[in-house]
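Novice: Before anything else, here's the structure in question.
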Amino acid sequence: MSSSDTKRGVRKRTHDRAFSGHSTALDSLPSSYNGQKPPSSVHFKCKCMSTSLKRIQKELTDIMSDPPPNCSAFPRGDNLYEWVSTLLGPQGSVYEGGIFFLDIHFSMEYPFKPPKVIFKTRIYHCNINSQGVICLDILKNNWSPALTISKVLLSICSLLTDCNPADPLVGSIASQYMHNRSEHDRIARLWTQKYANSATYPSTGHS
């Protein structure tokens, strides 16, 4: 069996496992309301879940069949609202050779609200802080329902290639990037070798 056949098999199994148990948005609601009409908040929740689940299922199908370069993403267990992603450090960048894990959380308001994406692997980057929070405009005010998680991952990869010191989360790293680039790059490569050298998801916190 070729490596491509093996990858397709893994994707199919992940796809099938992720879709099991998610045939309806009503599954997570209480089974009985004692014969009473559910409150309007329940109808709203059901509608939101139905919309978000359909969108997430479509994106899962798309990303399994055509993943972004150097990226992967898939649900954590059976919960379609919680995903795990891996990014390979872009070639030619100070993160080259690293394997970076991220957590992705979709809310019931997705795609009308952006997903929450957090780095679980430690990284030396002026736009990513020690808690893994990412300063990226499309994850905040510039989010659009037309965007997808694939586009988000590609944007994060671009951020690893070209950081944005003008809008930093870590001011000291941004200052170092602008005024002592060689030292910045040395430390970033060192962190990549130290923290992003494992293909295993970090058990707690940053790896």
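Novice: Need a quick list: strands (runs of 3 or more DSSP E) entirely within segment 1-108 having at least 2 residues that are in contact with a Ser or Thr (Cβ under 6 Å, 6 or more places away or on another chain) and at pLDDT 50 or above.
Specialist: Those strands (runs of 3 or more DSSP E) span 71-76, 99-105.
Novice: Residue check, Tyr95 against (1) hydroxyl-bearing (Ser, Thr, Tyr); (2) more than 14 Å from the chain's Cα centre (by Cα); (3) buried (at least 18 other Cβ atoms within 10 Å of the Cβ); (4) more than 27 Å from Cys163 (Cβ to Cβ), all met but one. Which one?
Specialist: Against the list (1) hydroxyl-bearing (Ser, Thr, Tyr); (2) more than 14 Å from the chain's Cα centre (by Cα); (3) buried (at least 18 other Cβ atoms within 10 Å of the Cβ); (4) more than 27 Å from Cys163 (Cβ to Cβ), Tyr95 comes up short only on (4).
Novice: Which condition from (1) crowded, with 20+ Cβ neighbours inside 10 Å; (2) more than 20 Å from Arg76 (Cα to Cα) is the one that Asn180 breaks?
Specialist: Going through (1) crowded, with 20+ Cβ neighbours inside 10 Å; (2) more than 20 Å from Arg76 (Cα to Cα) one by one, Asn180 breaks only (1).
Novice: Based on this model, can you work out whether Cys157 counts as closer than 30 Å to Ser65 by Cα and either part of a loop (DSSP other than H, G, I, E, B) or over 19 Å from the mean Cα position of the chain (by Cα) (or both)?
Specialist: So Cys157 does not fit the description; no.
The values are calculated or read from the model by the stated rules, or taken from the named source; none is laboratory data. Treat the numbers as computed from the prediction; the structure is a model and nothing was measured. We place every Cβ from the backbone using ideal geometry, glycine too, and count neighbours over all the protein chains shown.
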